[in-house]
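So the structure is just underneath, and the comments pick up after that.
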Amino acid sequence: MKHFFQNIVFLLTVVLSTALTAISVIILALLPSTEKLLRTLEGWWSRSVVMASGIRITWEGAKLDPGQNYVFIANHQSHLDTPIFLSLFAAWRPRFLAKESLFRIPLFGPAMRRTGHIPIDRENRRKGMEGIKKAVEQIESGDSVLIFPEGTRNLSDNGLQSFQIGAFIIALKAGRPVIPVIIAGTRKVLPKGSITVRPGPVRVQVLDAFQIQETMTIKDRDRLKNEVWEVMNTAYAEINV
């Protein structure tokens, strides 16, 4: 009962803002020169969900160049991670990679496609590579990409799950800096399997960039993955103390 009214507001906001935004995006995407408006609608959606959740966000860490685009690598605790990220990092135009099943959700899935987010099929190698190619094209067009390399939400504070390799292939192919980001607290606010929130603090920590050197090739993908995982795992343990 403590957060009863907060949850009424949260659930109504999620349902109504998602439906209104998705319908608007699908219709407007049929018209020319509406990309900026679509991104504005997406920003409104993400901010409305974050505000309705009642969370208090602390954003700290490395400074980012507003004129640069990046490959953002973040840990994953909750469904709130994506709207939080889209809200905080809107200046870098992050497009996120998500499992293909999300793109089959009525209204929501088509709207994701029309705003440039990228489906990734982890079961089909050929389709998976198509997703990687699309992500590189998005980066080359000026967008950033957001990837949760754990692949699923992490239920533990003790350490990160293993990283999948696709994010690092994208970074090497695109030649853009990798920005590790730690998100802590969202699992307590919106746990896996729950549709109700428990408002509380959320910390977002931006770690120092990993630069992609000209001498690096796809053969360096495992080394890059391991180096990023080590740095992020250490920061994850510290932020969850």
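The values are calculated or read from the model by the stated rules, or taken from the named source; none is laboratory data. Keep in mind that what you see is a predicted model, and the values were worked out from it rather than measured. Cβ atoms come from the backbone with ideal geometry, glycine included; neighbour counts cover every protein chain shown. To get the accessible areas, we keep the full protein, side chains included, count just its heavy atoms, and leave off ligands, DNA and RNA. Shrake-Rupley method; radii C 1.70, N 1.55, O 1.52, S 1.80 Å.
With a 1.4 Å probe and every protein chain kept in, tell me what percent of the accessible surface of the chain is carbon plus sulfur. All intermediate terms of the calculation are to be shown ahead of the outcome.
Numbers: 7030 of 12400 Å².
Looking at the chain in its full context, I get 57 percent from C and S.
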When a/c is below 1.5 the answer is rounded, else prolate if a/b is larger than b/c, else oblate, so apply that to segment 33-109 with a ≥ b ≥ c taken from the square roots of the Cα gyration tensor eigenvalues.
-> rounded
Binned at 5 Å from 0, what are the whole-percent values of the Cα-Cα distance distribution for segment 201-241, short to long?
-> 5, 18, 26, 19, 14, 10, 6, 2, 0
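Using Cα pairs under 8 angstrom and six or more residues apart, how large is the relative contact order of segment 48-188, in percent? Each step should come with its number before you reach the end.
Working: 191 pairs, mean separation 51.1, N = 141.
36 percent.
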If you build a Gaussian network model of the chain, linking Cα atoms that sit under 10 Å apart, which residue out of G159, G116, G67 swings the most?
-> G67
Compactness of segment 1-144, expressed as Rg and Dmax over alpha-carbon positions, Å | 15.9, 49
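Indicate, rounded to the nearest 5 percent, the antiparallel portion of the DSSP beta bridges found entirely in the chain.
In the chain, approximately 20 percent of DSSP beta bridges are antiparallel ones.
Beyond 20 Å, how much of the Cα-Cα pair distribution for segment 1-66 remains, as a whole percent? Walk me through the intermediate numbers first.
Working: 1006 of 2145 pairs.
Within segment 1-66, distances greater than 20 Å cover 47 percent of Cα pairs.
Determine how many Å³ per residue the convex hull of the Cα atoms of the chain encloses. Present the calculation step by step, with values, prior to reporting the outcome.
On the way: hull volume 30.0 nm³, N = 241.
Once divided by residue count, the hull of the chain is 124 Å³.
For the chain, what relative contact order do you get, as a whole percent, if you take Cα pairs closer than 8 Å and at least 6 residues apart? Could the numbers behind the result be given before it?
Values: 403 pairs, mean separation 62.1, N = 241.
For the chain, the relative contact order is 26 percent.
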Do any trypsin sites (Lys or Arg not before Pro) in segment 25-112 lie in a loop, going by DSSP, with at most 12 other beta-carbon atoms within 10 Å of their beta carbon, and if so which?
-> K63
Rounded to whole angstroms and listed largest first, the alpha-carbon spread of segment 138-236 along its three principal axes comes to 47, 30, 22
Comparing V206, V14, V49, which has the greatest mean-square fluctuation in the GNM of the chain with Cα pairs linked when under 10 Å apart?
-> V14
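How would segment 92-187 be classified by its alpha-carbon gyration tensor: rounded, prolate or oblate, with rounded meaning a/c under 1.5 and the a/b versus b/c comparison settling the rest? List each step's numbers first, then the result.
On the way: a/c = 1.44, a/b = 1.17, b/c = 1.24.
Note, shape of segment 92-187 comes out rounded.
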